[in-house]
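Have a look at the structure below before the remarks.
The values are calculated or read from the model by the stated rules, or taken from the named source; none is laboratory data. These figures come from a predicted structure and were not determined experimentally. Quick reminder, even Gly has a Cβ in these numbers, built from the backbone with ideal geometry, and neighbours come from all protein chains shown. The accessibility values were calculated without ligands, DNA or RNA, using every heavy atom of the protein model including side chains. Shrake-Rupley method; radii C 1.70, N 1.55, O 1.52, S 1.80 Å.
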Amino acid sequence: MESPPPKRNFGDGGEDGISALPDHLLLDILERLDLREAVRAGALSTRWRHLPGHLSRVRLDVAHFRGATPLEVMDAFTGAARALLTRVPPAEGGPLKVLVLSFYTSSPHLSSIGRLIEDIVSLGHTQCLEFCISPPGTNPLGSNIEIGQEFMAFSRAYPVAFSWLTTLTLEYHAFGNSDITDLISACGRLRHLSLRFCRLLDLHSTLRIDVPCSELQELEFIGLLCTRIELVSVPKLRQVECKCWLFNNPPVRFGYVPELRGLVLASKAKAWQEPFALSECLSTSAGARNLSTLTLCFGYQMIWIQPEPPKQRIAIFRNLTSVRLFGIFCECDLSWTLFILEAAPALHDLALSRHSCVKTPENSAEKTNVVWEPSKDLKHPNLKVLQIFGCGDEDKVTNYIRLVMERAVGLLIIRLYGENPCTYCDAGNLERSQAEKAGRRRIKEQLTHGSSSSVEIIIC
């Protein structure tokens, strides 16, 4: 009988089975491991000790470390970063091309991180440098003013590091009126900026971003506290997402953004917020005429978009090809959605999602029906795909689809889906799901019975 292979001891510092692998395979393993394990492996095996200096990609997240206090957690984080990034002299290591760090705004540690980053980027090999920075502790709202000041001091103290930054996410920081513009201007390679639950020091002021020489391509605002956002000049901006705003409508105004391709607006309307027309948000000048995708999400509350005559929107929507209108409450009529169709001659696909949520957030605006009559002579040649998620109230959905089929003369496909999952309702309940699927079949039968239309209706 053949003898079984000898057992190997892993992690004892000797020549184990993993350590016997070639360097390029060990590097691949290191880059896929949780970095805590990578550091531990490097400490345990002499064969691994030189390898972290050869990593081409490093991702390090403070959430992966433990400690009795945020300071102890950051001690562990900076220790791991130092072990991974300075284990061998730069001349002996391979180029580090991707570095992603998520850490706390912790004053005792920022200088160590800044120096470490500047040493790395000064080699000139970095292609992607990402920071995700949040306050330490469990009460981020309590100290966001001080945290914001610490962050701005950090960015000014290490200008070389920030000049190589490509992606920045900030959570629960407070800023002065010009801080964001100054920050973008200082980050010459910054392409993606996300502000999550941040605020201006003066809540009654407007966040104005005027960076005509920046490389910024994507902006995300979630729960930003200020009066309004004005994007005065961001020439290379391609995507904007604005979500969960609490200030008055419209939440954002666009100036010179000639490369803007995608816009996402998503929020549950509050009692003090009035519906607004998209023309109030998007400039009718040459600054925002290349928009191709538009997503509006209402959170199954009040529809905060106000339909308007197509003449006011034809310039800004002339290149629009894809529209998603999500979170429409089921009691609302759907014919108002055709105001987009009238103003967007190049529109290719239209998607809607419907649901009646049992939960109404505090201070929500009253849900009222939106009344809009599309032009009788509307004939749209380019709409090819219509998708509806949530087909409850079969008569309403059937009548809406017929209306679209009459006006969209080039329509090819209609897809009918069940409701999207809801945290507060039983939209994903099996029994309810089966009943809704039967309802979608009935809608299809009503639309196809006695019809000569070539439109394909798919139950998904």
**OP:** Once you've got the Cα coordinates, tell me which of 268/384; 268/437; 396/444 are over 19 Å apart.
**Re:** 268/384; 268/437
Subject >> Two-decimal ratio, region 336-435, of alpha-carbon radius of gyration to 2.2 N^0.38 Å >> reply: 1.23
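For residue 227 and residue 182 in one chain, what is 0.36 nm times their gap in residues minus the Cα-Cα distance, to one decimal in nm? Walk me through the numbers on the way to the answer.
Numbers: separation 45, 0.36 × 45 = 16.20 nm, distance 1.94 nm.
Extra length from residue 227 to residue 182 when fully extended: 14.3 nm.
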Original post:
Residues with beta-carbon under 14 Å from that of residue 113, excluding residue 113: net charge, scoring Lys, Arg +1 and Asp, Glu -1?
Top reply: -4
Original post:
Contour minus end-to-end for residue 246 and residue 293, with contour as 0.36 nm per residue of separation and end-to-end as the Cα-Cα distance?
Top reply: 14.5 nm
Original post:
So if R0 is 35 Å, what FRET efficiency would residue 56 and residue 239 give, r being the distance between their Cβ atoms, rounded to the nearest 0.05?
Top reply: 0.80
**OP:** Please work out the ratio of the alpha-carbon Rg of region 287-459 to 2.2 N^0.38 Å and round it to two decimals.
**Re:** 1.04
Original post:
Where does region 201-300 land on Rg(C-alpha)/(2.2 N^0.38 Å)?
Top reply: 1.02
**OP:** Could you give the size of the charge dipole of region 53-237 about its Cα centre, using +1 on the Cβ of each K and R and -1 on the Cβ of each D and E, expressed in debye and rounded to the nearest 20?
**Re:** 380
**OP:** Would you tally the net charge around residue 155, using a Cβ to Cβ cut-off of less than 13 Å, leaving residue 155 out, and scoring K and R as +1, D and E as -1?
**Re:** -3
**OP:** Order the peptides 353-366, 191-204, 248-261 from the highest to the lowest mean number of other Cβ atoms within 10 Å of their residues.
**Re:** 248-261, 191-204, 353-366
Subject >> Nearby lysines by direct alpha-carbon distance to residue 270 (threshold 26 angstrom, same-chain neighbours under 8 apart not counted) >> reply: 243, 359, 367
Original post:
How many percent of Cα pairs in region 244-312 exceed 17 Å?
Top reply: 44
Subject >> Leading residue at positive end of dipole, region 372-460 (Cβ point charges), from 457, 446, 391 >> reply: 457
Subject >> Cβ-based net charge around residue 201, under 15 Å, with every Lys or Arg adding one and every Asp or Glu removing one >> reply: -3
Original post:
In whole percent, how big is the carbon plus sulfur part of the accessible area of region 287-459, probe 1.4 Å, protein atoms only?
Top reply: 48
**OP:** Using only Cα atoms, locate the centre of region 156-223 and the centre of region 231-255, then give the distance between them in Å, rounded to an integer.
**Re:** 13
Subject >> Residues of region 310-460: accessible area per residue with a 1.4 Å probe, Å² >> reply: 50
Original post:
Any idea of the accessible area per residue across region 53-237, 1.4 Å probe, to the nearest Å²?
Top reply: 43
**OP:** Report the convex hull volume per residue for region 53-237, counting only C-alpha atoms, in Å³.
**Re:** 102
